[in-house]
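Take a look at the structure set out below.
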Amino acid sequence: MNKSVLFGALTIAGLAAGAAAAGTLDDVKARGKLNCGVTTGLVGFAAPDANGEWKGFDVAVCRAVAAAVIGDATAVEFVPTTGKTRFTALASGEIDMLARNTTWTFSRDVDLKFDFVGVNYYDGQGFMVPKELGVSSAKDLDGATVCIQTGTTTELNLADFFRSNNINYEPVPIETNAEAQQQYLAGACDVYTTDASGLAATRATFENPGDHTLLPEIVSKEPLGPLVRHGDSEWGDVVRWTLNALITAEELGVSSANVGEMASGTNNPEVARLLGTEGTLGEMLGLDADWAKRAIETQGNYGEIFAKNIGEETPIGLARGLNAQWTDGGLLYSPPFR
């Protein structure tokens, strides 16, 4: 690691330690608003609609946390961040949490002093090319120009893939997904590479999506999830268990449509604990008994959030795949509410 990179990592870690000491849960309650870092715009995951209202898969996680903590899913200030600015924004305390298609890695967890509270999307890096390029495999991309977002794991994975396959490429550095889309469609690069979910979301916005192909290779593991600062375990627990509540709700058949009815009476003890009609789980988190009920009522369970924003019936058209519940052969799994 060169000195500038080391200094940057130490700076971010130092900022994170100072910001975490303040007690984020108390700050959010006192402020009456959650400051949530998101991407600068990725349709289906986090993007403002025509009326300027933020919507998407990651946005729903932010709103669920706001509903749980503040009692109002709309009490969120969405802060757009790039691959380069996201970690400084979190470490400095500008944002309370980051929900921005960010990969959980060793160095981000340990060196940058962040806590990933879980995985809300299991992904992998892919490649998109124009059909007219006539390429059917990423291994055929020798000499290609590749649009790549700087400050991301994608950048490092790309170098590893091309080196291990003894092929060359020319990187075209970009900052945001919007810039990547513009450069790619303008022909400034032959290939765009990022998380496969991001490629599907980007392609869905094209005038002629069918003119572009997602190559079959997935060249990395990209467990994406929300994160908070080290040293603030109370806040980390709140964000972690809000995400777990959305996942568990789907597993137990609790939805935005029936959560009120199930809170009124259920024979399932875990549902009762989840919805606060039995036990003191909310109190343990520093919240009231209805925290999870509000999150589910306003945003839906994990399956509802997935289907509404990025599922097979949307223009993005993603199948559940690895993101199916563990009972359906996927990796989605929450610890028990007990």
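A few points about this structure:
- Antiparallel DSSP beta bridges within the chain, as percent of all bridges there, nearest 5: 50
- Shown in residue order for segment 140-153 are the 3J(HN,Hα) couplings computed by the Karplus curve 6.51 cos²θ - 1.76 cosθ + 1.60 at θ = phi - 60°: 9, 9, 4, x, 6, 8, 10, 6, 9, 6, 6, x, 10, 5 Hz (x for Gly and Pro).
- Pairwise FRET efficiency - residue 267 versus residue 107, Cβ, R0 = 41 Å, nearest 0.05: 0.30
- Taking θ as phi - 60° and the Karplus parameters 6.51, -1.76 and 1.60, the scalar couplings of segment 215-222 work out to 5, x, 6, 10, 9, 7, 9, 10 Hz in sequence order, x denoting glycine and proline.
- When +1 charges are put on Lys and Arg Cβ atoms and -1 charges on Asp and Glu Cβ atoms, the dipole computed for the chain relative to its Cα centre reaches about 480 debye.
- Formal net charge of residues neighbouring residue 94 (Cβ-Cβ distance under 11 Å; K, R +1; D, E -1): -1
- For the chain, the longest principal axis of the C-alpha atoms and the axis of helix 57-69 are separated by about 20°.
- FRET efficiency estimate (nearest 0.05) - Cβ-Cβ, residue 218 to residue 84, R0 25 angstrom: 0.50
- Where N is the number of residues in segment 93-156, Cα Rg divided by 2.2 N^0.38 Å: 1.50
- On Cα atoms only, tilt of 233-252 relative to the major axis of the chain in degrees: 90
- Heavy-atom accessible area with a 1.4 Å probe sorts 328, 140, largest first, into 328, 140.
- Segment 124-221, relative contact order [Cα under 8 Å, separation at least 6], %: 49
- Extension gain for the segment residue 30 to residue 165, taken as residue separation times 0.36 nm less the Cα-Cα distance, is 43.2 nm to one decimal.
- Computed from the alpha carbon atoms alone, the convex hull of segment 223-308 holds 96 Å³ per residue.
- Neighbourhood net charge (12 Å Cβ-Cβ; Lys/Arg +1, Asp/Glu -1) for residue 338: -1
- Counting 0.36 nm for each residue step from residue 92 to residue 211 and taking away their Cα separation leaves a gain of 38.6 nm.
- Rounded to the nearest 10 Å², the accessible area of residue 212 at probe 1.4 Å: 30
- Of 169, 192, the order by accessible heavy-atom surface (1.4 Å probe, DNA, RNA and ligands excluded), from most exposed downward, is 169, 192.
- Percentage relative contact order, the chain, counting C-alpha pairs under 8 Å, at least six apart: 21
- The listed peptides 158-164, 243-249, ordered by packing as a protection proxy, come out as 243-249, 158-164 (highest mean of other Cβ atoms within 10 Å first).
- Computed FRET value (nearest 0.05) for residue 49 with residue 182, which takes r as the C-beta separation and R₀ as 25 Å: 0.80
- Electrostatic bookkeeping for residue 223 treats Lys and Arg as +1 and Asp and Glu as -1; over the other residues with beta carbon under 12 Å from its beta carbon, the sum is -2.
- Residue 185 accessible area, 1.4 Å probe, all protein chains in place, Å² to nearest 10: 90
- In terms of its Cα atoms, segment 206-273 spans 52, 36, 22 Å along the principal axes, sorted from long to short.
- Along its first, second and third principal axes, ordered by size, segment 124-221 spans 35, 29, 24 Å in Cα coordinates.
- Spherically averaged projected area in nm², based on the convex hull that wraps the Cα atoms of the chain: 17.3
The values are calculated or read from the model by the stated rules, or taken from the named source; none is laboratory data. Small disclaimer: the values here were computed from a predicted structure and weren't measured. Reconstructed Cβ throughout: ideal geometry from the backbone, glycine too, with neighbour counts over all protein chains shown. The area values use the complete protein model at the heavy-atom level, side chains included, leaving out ligands, DNA and RNA. Shrake-Rupley method; radii C 1.70, N 1.55, O 1.52, S 1.80 Å.
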